[in-house]
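First comes the structure, then the notes that go with it.
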Amino acid sequence: MSDKITDLLDTQGWLLADGATGTALFNMGLQAGEPPELWNVDAPAKVKALYKGSLDAGSDLFLTNSFGGTAARLKLHNQQKRAFELNRVAAEIGRDLVDGYARDAIVAGSMGPTGEIFEPVGTFRHSVAVEMFHEQAEGLKAGGVDVLWVETISAVEEFRAAAEAINLAGMPWCGTMSFDTAGRTMMGITSKELVSIVNALENTPIAFGANCGVGASDLLRTVLGFSAEKPYIPLIAKGNAGIPKYVDGHIHYDGTPELMADYAVMARDCGAAIIGGCCGTQPAHLVRMRDALENQPRGHAPSLVDIESKIGAFSSEFDGTGDTGPAKRTSRRKRG
């Protein structure tokens, strides 16, 4: 299956993805507990501004405002019957923007976790998950996305259900997990195990990797874990802009544009081909990331010591795979 991501990677060698969705929308006035997906119909100009901010900053692709777009998540707000509609409109806003933009870009349909615990640990059935993800995928497809983008997944059961649903929709896809518990996902998956999971899928993604998690240092260590397994599929790195801190009643991420530029180059040198930001990453970060990727030459994979000295301390001593991290955990280095 031909897809725009692979075509652009063949030409450019790397892609700059977008930054944070939630951070930007909260800055625009989204209230805590308010489902962002409703803004696709209630405040489309703000959603368009979200997408355009990434494009203007130099992103080659951006994710649609549909992270919580499964019926399972929308049910929390009694909006589950609107799942197809809200995903379709999220994609249409992006498609209309790109079709009229000065340069080509990729519209990626965001598909986040359901928030449910799968059998046998929980009660959520595989067949129900596939049905919900399929509905979301079809909505995003109808709205014109170029690729589907499964993100922030913790459980292998959910990753597999999303892959099966996307296969039914007949779309190319990318998938990322969030490694936020001493180098593992919340459900215990390691970087090495994700490579094996991806290799065993019938519907293989066109790229896979990690997003969100703890901070940029930890995410880079996870990418090194992927690269050590020599995957044949391009890798994704979407790290948070530093560590969240509660300042004056708001969550603030301490990663500066300069730090994220260093992170972007290190992510590339760790083996990532698609590099972006997650929580806290704003257009100002993306501008510096693009400049760094374009102008700093490719280098050798950084060591853990290199990562810690330039980006900051790891949140845990080990990465979950048996390989040791720094010998001693230190306080995180502040960058402005």
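None of the figures in this text is laboratory data; all of them are computed from the coordinates on show. Bear in mind the structure is a predicted one, so any value in this text is a computation, not a measurement. Don't worry about glycine lacking a Cβ; one is built from the backbone with ideal geometry, like all the others, and counts go over all protein chains shown.
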Find the all-direction average of the projected area of the Cα convex hull for the chain, expressing the result in square nanometres with one decimal place. 16.0
Could you pull out the pairs from Lys52/Lys81; Lys81/Lys141; Lys75/Lys238; Lys238/Lys310; Lys46/Lys245; Lys4/Lys46 whose alpha carbons sit more than 21 Å apart here? Lys52/Lys81; Lys75/Lys238; Lys46/Lys245; Lys4/Lys46
May I ask which residue of Pro283, Ala161, Ile117 lies farthest towards the positive end of the charge dipole of the chain, with charges of +1 (Lys, Arg) and -1 (Asp, Glu) on Cβ and the Cα centre as origin? Pro283
Tell me, Tyr101, Tyr253, Tyr51, Tyr263 in order of fewest to most beta-carbon neighbours within 10 Å? Tyr101, Tyr253, Tyr51, Tyr263
Mean Cβ-within-10 Å packing, highest first, puts peptides 271-279, 72-80 in the order 271-279, 72-80
Filtered hits (aspartates and glutamates, Cα-Cα < 18 Å from Lys230, offset >= 8 within chain) -> Glu193, Asp269, Asp319, Asp323
Proxy exposure order for His285, His134, His300 (fewest C-beta within 10 Å first) is His300, His134, His285
